[in-house]
């Protein structure tokens, strides 16, 4: 009984502190600073579990036959449970979020929870569901995207200007970038998986290879099985998605964090994380991936573009510079190390045009929703309680 009594004694002060806050309220209500920081610390913990689980998940699926209760799924589920609890708190009490942040978090959590059973049904019906780009998987990413955007919005609007505000905002953008980039990891693991097959040393276990072969009706030793499993989407998808989706996140990070080299720092931290887990996976005999180091060049171009004061010129010049550097850095990485298959340089004209449209829309949203860091800091400072 002593451990139980000790736990109860420690939990009592926490419960007594928290219970007065458990009251129904509208989004935007005044939030005590200690409660506000605790809520967002909870989000950082939740997203950390989700990233750790997701990072292991791709490598796991390139080695083992799918299992609903695989360790990466369980690790990810811990983060999801924490996120669900925080979502309920925000919706019921209205603490820590404005109306837009509350809606984004609620919709994101709802889409994610809806996607989970749909994904399980999809696997029951279709087996492996080989690509990361399937509809049920995309729902998981989109739900998480809305969720993280809501958390970023809540912290950005309410947090007191200062070093802590900048660091937490930067960390949240790293989580956002990881989620947006996640489906691209299929190709990054795929090139290593295909190379291992060609060497006669496949990373995947025989049961997984047989399952994949049976699913598409080819012999186990047919190279088409490996190609279908490792690189099932058009080669152009990888660089075009990088040019538009990944760079767009870097643009928002630079504008909202508001510090020089903010975009480079966010992308650099993500690349550093991928680099650190690379040897851990290798030592544990899990498949490795092509770390997207080339993305740092595009993020640097975004930071340099923000030296231009005119929004339209910044968007157009920044899009051209970011896509050019991204394409050349990707080709350099392919020549020196490893990367997914390259596409003709002319393909990137589509990426540049798409990014220009998205960046112009982002510039419009910065002014409409006061998303520039300096403008928001002025608003927060003017309304902060002494």
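The values are calculated or read from the model by the stated rules, or taken from the named source; none is laboratory data. This structure is a prediction, so every number in the text was calculated from the model and none was measured. Counting neighbours? That spans all protein chains shown, and the Cβs are built from the backbone with ideal geometry, glycine included.
Worth a mention:
Results for (1) surrounded by fewer than 16 Cβ atoms within 10 Å (Cβ to Cβ); (2) under 19 Å from residue 35 (Cβ atoms); (3) free of Cβ contacts under 8 Å to residues at least 24 places away in the same chain, shown as yes or no for each residue.
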{"residue": "86", "(1), (2), (3)": "no, yes, no"}
{"residue": "92", "(1), (2), (3)": "yes, yes, no"}
{"residue": "101", "(1), (2), (3)": "no, yes, no"}
{"residue": "121", "(1), (2), (3)": "yes, no, yes"}
{"residue": "132", "(1), (2), (3)": "no, no, no"}
{"residue": "140", "(1), (2), (3)": "no, no, no"}
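- Applying the criterion of being over 20 Å from residue 248 (Cα atoms) and outside any helix (DSSP H, G or I) to the residues of segment 104-150, the residue that is modelled with the lowest pLDDT is 129.
- For segment 333-352, the set of residues classified as touching a helix residue (DSSP H, G or I) at 6+ places or on another chain (Cβ under 9 Å) and either within 16 Å of residue 301 (Cβ to Cβ) or surrounded by 14 or more Cβ atoms within 10 Å (Cβ to Cβ) (or both) consists of 338, 339, 340, 341, 342, 343, 347, 348, 350, 351, 352, listed by residue number.
- Criterion violated by residue 166 - all others in (1) surrounded by fewer than 20 Cβ atoms within 10 Å (Cβ to Cβ); (2) not in a helix (DSSP H, G or I) satisfied: (2)
- Candidates 325, 304, filtered to the one that is at pLDDT 95 or above, under 23 Å from the mean Cα position of the chain (by Cα), crowded, with 16+ Cβ neighbours inside 10 Å and closer than 21 Å to residue 266 by Cα: 325
- Pick from segment 320-344, criterion assigned to a helix (DSSP H, G or I) and in contact (Cβ under 8 Å) with a residue 60 or more places away in the chain, ranking: nearest to residue 190 (Cα to Cα): 330
- Put simply, of 242, 246, 195, 204 the only residue that is over 30 Å from residue 83 (Cα atoms) and part of a helix (DSSP H, G or I) is 195.
- So residue 70, is it more than 17 Å from the chain's Cα centre (by Cα), surrounded by fewer than 19 Cβ atoms within 10 Å (Cβ to Cβ), at negative phi and modelled with pLDDT under 95: yes
- Of residues in segment 345-386 being more than 23 Å from the chain's Cα centre (by Cα) and not in a helix (DSSP H, G or I), the one modelled with the lowest pLDDT: 386
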